[in-house]
Amino acid sequence: MENGREIYFDNSATTQVFDSVREIMVETMTADYGNTSSLHKKGMEAEQYVRAAREEIAKSLKVKEKEILFTSGGTESNNLAIIGTALANRRAGNHIITSCIEHASVYNTTAFLEEQGFRVTYLPVDHNGHVSPEDLRAAICPDTILVSIMYVNNEMGAVEPISQLSKVIRETRPEIYFHVDAIQAYGKYVIRPKKEGIDLMSVSGHKIHGPKGIGFLYVDERVKIRPILFGGGQQKGMRSGTENVPGCAGLGAAVKEMYRNHEAKIDGLYRLKERLVAGLQEMDGVTVHGLTGRDSAPQIVSAGFEGVRAEVLLHALEERGIYVSSGSACSSNHPGISGTLRGIGVRPSLLDSTLRFSFGMFNTEDEVDACLKVLNELLPMLRRYKRA
């Protein structure tokens with residue numbers, strides 16, 4: 001550990017929960033532990049927590065409460081959005097458009113739909129990780145029913161031009177649904193789905209200092225979608241299964257805290273990012289990928305370290321109590337070269353030498369300085385070891 005403390009820079013994988021999240025979850029697991037489907041007082045008390053969380057989320061997006069569906073997290077939200085709309089609208093067409101840098105829970109879902117007879121177009125990105133609105137316009141055809149593009153890329157922090165992409169859809173074929181994976185964006189940005197032309201939007205609780213195992217899908221009331229889970233008919237039949245009351249309550253608390261003094265919180269993240277980027281750019285053989293200013297996400301820095309394998313550097317940092325990642329936490333279950341890094345044209349020597357640093361509400365500038373100090377010590381040593 002650096003100076004006897006851990007430094008956690010893997011907040012895009014998961015986050016430490018806020019105190020308010022922990023407290024309300026304990027309350028719902030020990031006192032108000034009823035099943036929301038029960039007709040007695042305990043059930044009604046539990047339902048109040050779920051209703052309050054849905055209200056908090058809807059308020060943050062300026063949408064209707066009935067347009068919020070609780071799920072088990074980002075993966076389920078993406079699956080429900082993509083499979084649910086594809087199956088419900090198959091008679092209108094079988095073409096889906098997405099990008100080449102989507103999260104595994106999107107590209108594996110579209111791959112599944114390809115096996116079911118759907119046709120999928122994967123749009124390229126530029127060296128900053130951005131989808132071109134004109135490429136989208138060119139890809140839309142009479143059979144297109146769904147476009148799915150992430151708001152913020154989870155590996156390098158590229159912010160997609162969501163409003164411009166939405167405008168292309170509305171100008172070309174307004175009946176096409178627009179799904180946005182906002183798992184790395186919600187909490188970091190003030191998002192207004194109605195204004196930005198987003199029909200479906202996925203969010204995960206544990207990326208915003210909420211609990212794991214809970215998320216939500218925003219579904220505009222006009223969207224034609226079918227469920228992919230069947231059972232007792234909870235959430236108006238759209239997502240059967242006993243509601244995760246502690247999770248919902250914890251998520252609601254996290255949303256409330258993230259959007260309190262929101263601008264100051266995000267300014268703090270950008271200060272950390274700017275400090276880390278400046279230090280990395282002073283080092284020999286280090287390349288920071290993509291944009292690094294306020295036109296990129298506040299919490300993510302992706303950097304390639306020439307001559308050092310990412311896994312080796314990751315574990316060397318871990319031995320000093322500093323936690324980072326070599327890419328998406330989900331993708332790490334399937335070792336290989338990142339599709340995002342290939343998509344933005346990272347040179348081959350850096351494809352297996354890139355780490356992701358990601359910040360949260362508990363990080364400090366002192367931690368950034370400590371991390372930079374350790375990197376300056378480790379890199380020459382690891383490079384000499386490789387040459388030897």
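The values are calculated or read from the model by the stated rules, or taken from the named source; none is laboratory data. Fair warning: this is a prediction, and the values are worked out from it, not measured in the lab. Cβ: placed from backbone, ideal geometry, glycine included. Neighbour counts: every protein chain shown. SASA here: full protein model, heavy atoms, side chains in, ligands and nucleic acids out. Shrake-Rupley method; radii C 1.70, N 1.55, O 1.52, S 1.80 Å.
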Those residues of the stretch 99-131 which are in contact with a Leu (Cβ under 7 Å, 6 or more places away or on another chain) and polar (S, T, N, Q) amount to Ser99, Asn128
Residue in the stretch 328-349 that is modelled with pLDDT of 95 or more and buried (at least 16 other Cβ atoms within 10 Å of the Cβ) present
no
Expected output for the stretch 358-370 (first residue surrounded by fewer than 21 Cβ atoms within 10 Å (Cβ to Cβ), partner of a type in the set (Asp, Glu), Cβ below 6 Å, 6+ apart or cross-chain) is Ala370/Glu2
Among what's in the stretch 239-274 and is among the polar types (S, T, N, Q) and closer than 21 Å to Ser38 by Cα, pick the residue that is least open to solvent (accessible area, probe 1.4 Å).
Ser240
So which of Glu318, Glu377, Glu311 is loosely packed, with under 14 Cβ neighbours inside 10 Å, modelled with pLDDT of 90 or more, charged (D, E, K, R) and under 25 Å from the mean Cα position of the chain (by Cα)?
Glu318
Condition met for Glu155 (acidic (Asp, Glu) and open to solvent by 30 Å² or more (accessible area, probe 1.4 Å)):
no
Kindly indicate whether any position in the stretch 162-175 is among the aliphatic types (A, V, I, L, M), in contact with a Gly (Cβ under 9 Å, 6 or more places away or on another chain) and open to solvent by 10 Å² or more (accessible area, probe 1.4 Å).
no
Candidate set: the stretch 63-84, residues that are assigned to a strand (DSSP E or B) and among the β-branched types (Val, Ile, Thr); chosen: the one nearest to Val219 (Cα to Cα)
Ile68
Take the conditions touching a Phe, Trp or Tyr at 6+ places or on another chain (Cβ under 6 Å) and either open to solvent by less than 70 Å² (accessible area, probe 1.4 Å) or of a type outside the set (Phe, Trp, Tyr) (or both) and apply them to Phe118. Does it pass?
no
How many residues does the stretch 277-319 contain that are farther than 21 Å from Ser349 by Cα and touching a Cys at 6+ places or on another chain (Cβ under 9 Å)?
1
Name the residues in the stretch 15-73 that are among the small types (Gly, Ala, Ser), out of contact with any Ser or Thr (no Cβ under 8 Å at 6 or more places or on another chain) and surrounded by 13 or more Cβ atoms within 10 Å (Cβ to Cβ), would you?
Ser20, Gly34, Ser38, Ala52, Ala53, Ala58, Ser60, Ser72
When (1) among the aliphatic types (A, V, I, L, M); (2) open to solvent by 50 Å² or more (accessible area, probe 1.4 Å); (3) within 15 Å of Asp181 (Cα to Cα) are applied to Ile97, the one that fails is (2)
Go through the stretch 171-193 and give me each residue that's over 19 Å from Asn154 (Cβ atoms) and touching a Phe, Trp or Tyr at 6+ places or on another chain (Cβ under 9 Å).
Val190, Pro193
What pairs can you find where one residue is in the stretch 272-297 and more than 19 Å from Ser353 (Cα to Cα) and free of Cβ contacts under 8 Å to residues at least 24 places away in the same chain, the other is outside any loop (DSSP other than H, G, I, E, B) and open to solvent by 40 Å² or more (accessible area, probe 1.4 Å), and their Cβ atoms are less than 9 Å apart, with a gap of 6+ or different chains?
Gly293/Glu274
Select the strands (runs of 3 or more DSSP E) contained entirely in the stretch 111-216, then report the ones holding at least 2 residues which are more than 30 Å from Asp19 (Cβ to Cβ).
119-123, 144-150, 177-181
Of Ala111, Ala53, Ala86, Ala81, the only residue that is in contact with a Cys (Cβ under 7 Å, 6 or more places away or on another chain) and of a type in the set (Gly, Ala, Ser) is Ala53
Taking the residues in the stretch 183-192 that are more than 16 Å from Ser358 (Cβ to Cβ) and within 16 Å of the chain's Cα centre (by Cα) as candidates, determine which candidate is surrounded by the fewest Cβ atoms within 10 Å (Cβ to Cβ).
Val190
